[in-house]
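J.: My structure is below; once you've seen it, I'll send some questions.
Readers should treat all values here as calculations from the given coordinates under stated rules, not as data from a laboratory. If you're wondering where the values come from, they're calculated on a predicted model, not measured in any experiment. Positions of Cβ are generated from backbone atoms using ideal geometry, with glycine treated the same way; all protein chains shown enter the neighbour counts.
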Amino acid sequence: MPEITATPAAQPGNLVDPYRAYNFKLLINNVTEGHFTEVSGLGVKVENIAYREAGNNSVVRAIPGRVTYLPVTLRFGLTSSVELWDWLMTAVDGKVSRRNVSIVMLDSSGATEALRWNLVNAWPQEWYGAPLDALSRELAVETLVLAHDGIQRETSNVGVVAA
C-alpha cells in the first residue's frame, strides 16, 4: 500500500504562505458561472446553551445547541446572461431550485485548486441590482444572496505525494 505524506504544515520554522483573497471562482452545479468580484458571509453559528449541572449550583456549562448556516453573498458584474436571474425567479414563483454551489480557492498561481467550500442545496433568497450613476466609471455590480442547508470544506490533493 502506498504511503501518503503531505507537505509540511505551518509549524515553527516552516513558512506557509496564506492564500490570496482574490484567487477564487464560483461553481454552480460544477459549472463556472460568471465573474464574481466578491463572496462574503461564509459561516456557521452554533447556539450556546447554558446548562447547570445537577447537584452543583455554582457550575454552569455551555453546550452546543442549534446550528445555523449563514447566507452567502455573491457580488458580480452585470452582464447580459440571464441564468442567475432565472434561478432567482424560480424562488420568486415559489418553486425553490436547490443547487450545489462551490467556492473554489486557487493557489498563488491562480490556476490550481487549493481548497473549496461546498454549499449544500443552495437557493437565491435576495437580489440587489447594481447602483447606476451616470457620473461614475465603475462596473455595474449586482448582489445575490444564497440560503443553503450546510457547508462542507474540502482540501485538494495539492502537495500530497504518494510514495
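J.: What nm value, rounded to one decimal, do you get for the distance between residue 153 and residue 108 when each label is placed 7 Å out toward the C-beta?
T.: With each label placed 7 Å out from Cα toward Cβ, I get 2.1 nm.
J.: Give the calculated FRET efficiency between residue 132 and residue 47 to the nearest 0.05, with a Förster radius of 25 Å applied to their Cβ-Cβ distance.
T.: On the way: r = 40 Å, r/R0 = 1.62.
Step by step, r from the Cβ atoms, then E = 0.05.
J.: Something else now. Counting pairs of alpha carbon atoms under 8 Å apart in space and at least six apart in sequence, what relative contact order in percent does region 4-162 give? All intermediate terms of the calculation are to be shown ahead of the outcome.
T.: Working: 295 pairs, mean separation 41.4, N = 159.
The value is 26 percent.
J.: Between residue 96 and residue 73, what FRET efficiency follows from the Cβ-Cβ distance if R0 is 25 Å, with the result rounded to 0.05? Working shown, then result.
T.: Numbers: r = 18 Å, r/R0 = 0.73.
The computed FRET efficiency comes out at 0.85.
J.: Okay, next question. Under 5 Å between amide hydrogens, which residues at least 5 positions from residue 114 or on another chain qualify, with H placed 1.01 Å from N in the peptide plane?
T.: Result for residue 114 returns 105, 106, 107.
J.: Can you compute the modelled spin-label distance between residue 21 and residue 89, with each label point 7 Å from Cα toward Cβ, in nm?
T.: A separation of 3.5 nm, rounded to one decimal place.
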